[in-house]
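The values are calculated or read from the model by the stated rules, or taken from the named source; none is laboratory data. On a predicted model such as this, the values are computed, not experimentally measured, just so you know. Note that we place each Cβ from the backbone using ideal geometry, even for glycine, and neighbour counts take in every protein chain shown. Protein only, heavy atoms only, side chains kept; ligands, DNA and RNA dropped before computing areas. Shrake-Rupley method; radii C 1.70, N 1.55, O 1.52, S 1.80 Å.
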Amino acid sequence: QVQLVASGGRLVQAGGSLRLSCAASGRTFTTDGVGWFRQAPGKEREFVAAITWSLSDTYYADSVKGRFTISRDNAKNTMYLQMNSLKPEDTAVYYCAAGAYYGYRRPNDYRYWGQGTQVTVSS
């Protein structure tokens, strides 16, 4: 089993930057796809970004393209989400997920989930 721990969330001002981390224990990421989702109060969990190992492909929600960058370091069992030009609409609990193989944009594509970390962007 892979245990995921998301961290790095905090209060930031609009236009600022933040880097989230997700550390895995138990097993390495190996070849699976990993990603980030977010969920604001009263809203459904939505896809943010994903990255694969085998093809080194990245996927982004339209709302974050050009602002967020996902990366992974399999040697450290860690993935990251670099968030720039943050907007108040980015405020949410951010969840990291792993274990995707054939799809990357739906929560049900992933087998493992972290506990989430709160990101709040003030205007």
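Among the lysines, which have Cα under 28 Å from the Cα of K87 when same-chain residues fewer than 8 positions away are ignored?
Filter leaves K43, K65.
Across region 92-98, in residue order, what do the Karplus-derived ³J(HN,Hα) couplings come to in whole Hz, using 6.51 cos²θ - 1.76 cosθ + 1.60 with θ = phi - 60° and x for Gly and Pro?
My calculation for region 92-98 gives 4, 8, 9, 10, 9, 9, 9 Hz in order.
Using a 1.4 Å probe over the heavy atoms of the protein chains, calculate the carbon and sulfur portion of the accessible area of the chain as a whole percent.
46 percent
Based on Cβ point charges of +1 for Lys and Arg and -1 for Asp and Glu, what charge dipole magnitude is obtained for the chain about its Cα centre, in debye rounded to the nearest 20?
I would put it at about 160 debye.
At 1.4 Å probe size, with every protein chain present, just tell me what the per residue accessible area of the chain comes to in Å².
53 Å²
For a protection proxy built on the mean count of beta-carbon atoms within 10 angstrom, sort 93-99, 2-8, 39-45, 72-78 highest first, please.
In descending order of packing, they fall as 93-99, 2-8, 72-78, 39-45.
Quote to one decimal, in nm, the extra length available between R19 and S7 on full extension: 0.36 nm per residue of separation minus the C-alpha distance between them.
Residue separation times 0.36 nm, minus the Cα-Cα distance, leaves 3.4 nm.
As a test question: what accessible area, to the nearest 10 Å², does R105 have when a 1.4 Å probe is rolled over all protein chains in place?
Roughly 120 Å² of R105 is accessible to a 1.4 Å probe.
Please list, in order along region 9-17, the HN-Hα scalar couplings obtained from phi with the Karplus expression 6.51 cos²θ - 1.76 cosθ + 1.60 (θ = phi - 60°), rounded to whole Hz, x for Gly and Pro.
x, 6, 7, 9, 7, 3, x, x, 10
What does the charge count around A97 come to, taking other residues whose C-beta lies under 13 Å from its C-beta (Lys +1, Arg +1, Asp -1, Glu -1)?
+3
Would you please give the FRET efficiency between N108 and K65, computed as 1/(1 + (r/R0)^6) with r the Cβ-Cβ distance and R0 = 22 Å, to the nearest 0.05?
The computed FRET efficiency comes out at 0.45.
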